[in-house]
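Visitor: Below you'll find the structure I mean.
Each reported figure results from applying straightforward, stated rules to the coordinates on display, with no laboratory input. The model shown is predicted, which means the values in this text are computed figures rather than measured ones. We place every Cβ from the backbone using ideal geometry, glycine too, and count neighbours over all the protein chains shown.
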Amino acid sequence: MIRLADLDLLVRIADMGNLTQAAKALDWSPAAASAALKRVEAELGFDVFVRSTRSLRLSNEGQRYLPHAREALHALHQGQAEALAGRERLSGELHLALPSDLGRQVLLPWLEQFQERHPALSLRLQIGDSLADLKRRPVDAAIRYGQPASSSLVALPLLPDCRRVLVAAPHYLALRGMPGSPADMAHHEVLRYVLADEVPDRWTVEVDGQPAHLPLSGRRVADDGEVVKRWALAGLGLAYKSWPDVAGELASGQLVHVNPHWRGELSPLNLMVPGRHQLSPLIRALRDELGRRLEAFAAGMPR
């Protein structure tokens, strides 16, 4: 049976009219190419080329055989490409947990476009901010702020240098004023988000290179990040949000970055999976897609 590589060499020799050039194009030695050509002709039972000391041309039999050789090569290469494409095709069901605010406002449209490009893929989304979701309910992956709560979880970085920002609606600041110092925060209404089932009693920022703890006082607490942002948009107080959650509202002027010289805490965004056995081609493709989009999205992110 004729080897695929030998058949490829035969077609290249016919196209180039020179055995040495064909061998060089395939990174073969001239001796190996000459041996391969003899092997093909022995298998076929006729000389494909007529050789002389200065030229090489197709024989009559070679002229009749060459179109079939080209067609066979094309079919084999096309079959290989289709087989590889099938291996890379993303299919099946992806059970993904998303944070409330970022999931609805930013990630959901991107996931819809991702699914459109992979029509064999089914999405099952779980929206919420609790890290416990990864333990209570089986999911393939979760997008979460912060480091994994368990050492058994694997975190694939999406925005490792993401920070939290202090924000408020312009009409709230017009009424209550901008806090001039960390101590002034005690006189402001703050909108708190429950983190790990705990209501924070202070927020930490960096002022002039030193950590500063902001005292908190407020009548509103929620375990849903989107609710906290809605309160802030309504002018009900100050919120301390991860930057991607409020990037759109900051750009539109619906929210104001309060004291941007107060550097917020790191709030890295990760794609988390229950274990390394979950790192399937689908999860890796999703991570690459979201990482690429978030890199462009975060161009104006404070560092």
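Visitor: State the percent of C-alpha pairs, over all pairs in segment 1-54, separated by a distance greater than 18 angstrom.
Guide: Summing the P(r) tail past 18 Å for segment 1-54 gives 21 percent.
Visitor: Given charges of +1 on the Cβ of Lys and Arg and -1 on the Cβ of Asp and Glu, with all other atoms neutral, how large is the dipole of the chain about its Cα centre, in debye to the nearest 20? Display every interim value, and only then the final one.
Guide: On the way: 36 positive and 35 negative charges, 90 e Å.
Rounded to the nearest 20 debye, it is 440 debye.
Visitor: Continuing with the same structure: Sum -39500 (n - 2.57) across every DSSP H segment of at least 4 residues in the chain, then divide by the residue count to get the 222 nm mean residue ellipticity, nearest 500.
Guide: Roughly -12500 deg cm²/dmol at 222 nm, from the helical runs in the chain.
Visitor: Given the Cα atoms of segment 157-303, and with Rh set as the inverse mean 1/r over their pairs in the Kirkwood sense, what is Rg to Rh to two decimals?
Guide: Here Rg/Rh amounts to 1.01.
Visitor: Moving on. First measure r as the distance between the Cβ atoms of Gln147 and Leu123, then evaluate 1/(1 + (r/R0)^6) with R0 = 25 Å and state the FRET efficiency to the nearest 0.05.
Guide: On the way: r = 26 Å, r/R0 = 1.04.
With a Förster radius of 25 Å, E is 0.45.
Visitor: Which FRET efficiency value, to the nearest 0.05, is calculated for His261 and Asp27 with the Förster distance at 45 angstrom and r the Cβ-Cβ distance?
Guide: For R0 = 45 Å, the calculated efficiency reads 0.15.
Visitor: In addition: Quick one: if you stick a label point 7 Å off each Cα along the C-beta vector at Ala42 and Thr204, how many nm between them?
Guide: Between Ala42 and Thr204, the simple spin-label model gives 7.6 nm.
Visitor: As an exercise, find the ratio Rg/Rh for the chain from alpha-carbon atoms, using the Kirkwood inverse-distance average for Rh.
Guide: Values: Rg = 31.5 Å, Rh = 24.2 Å.
Taking Rg over the Kirkwood Rh, I get 1.30.
Visitor: Here's another thing I want to ask about it. Go through Leu255, His68, Gln126 and say which Cα lies farthest out towards the positive end of the charge dipole of the chain; charges sit on Cβ, +1 for Lys and Arg, -1 for Asp and Glu.
Guide: Value: His68.
Visitor: Cβ neighbours within 10 Å, averaged per peptide: list 153-162, 253-262, 238-247, 196-205 in order, most packed at the top.
Guide: Going by the mean number of other Cβ atoms within 10 Å, highest first, we get 238-247, 153-162, 253-262, 196-205.
Visitor: Multiply the residue separation of Ser52 and Arg64 by 0.36 nm, subtract the distance between their alpha-carbon atoms, and state the gained length in nm to one decimal.
Guide: 2.3 nm
Visitor: When the chain is fully extended, how far beyond the present Cα-Cα distance does Asp223 get from Gln113, taking 0.36 nm per residue of separation?
Guide: So the extension gain works out to 36.7 nm.
Visitor: Let me ask you something else. Just round it to a whole percent: the fraction of Cα-Cα distances in segment 190-253 exceeding 13 Å.
Guide: 65 percent
Visitor: Please report, in Å, the Rg and the Dmax of segment 152-196, where both are computed over Cα atoms only.
Guide: 15.8, 48
Visitor: Extension gain Met16-His77, at 0.36 nm per residue separation less the Cα-Cα distance, in nm?
Guide: 19.9 nm
Visitor: If you don't mind, there's one more thing I want to ask. Rounded if a/c is under 1.5, else prolate if a/b is larger than b/c, else oblate: which is segment 217-271, with a ≥ b ≥ c the root eigenvalues of its Cα gyration tensor?
Guide: Rounded.
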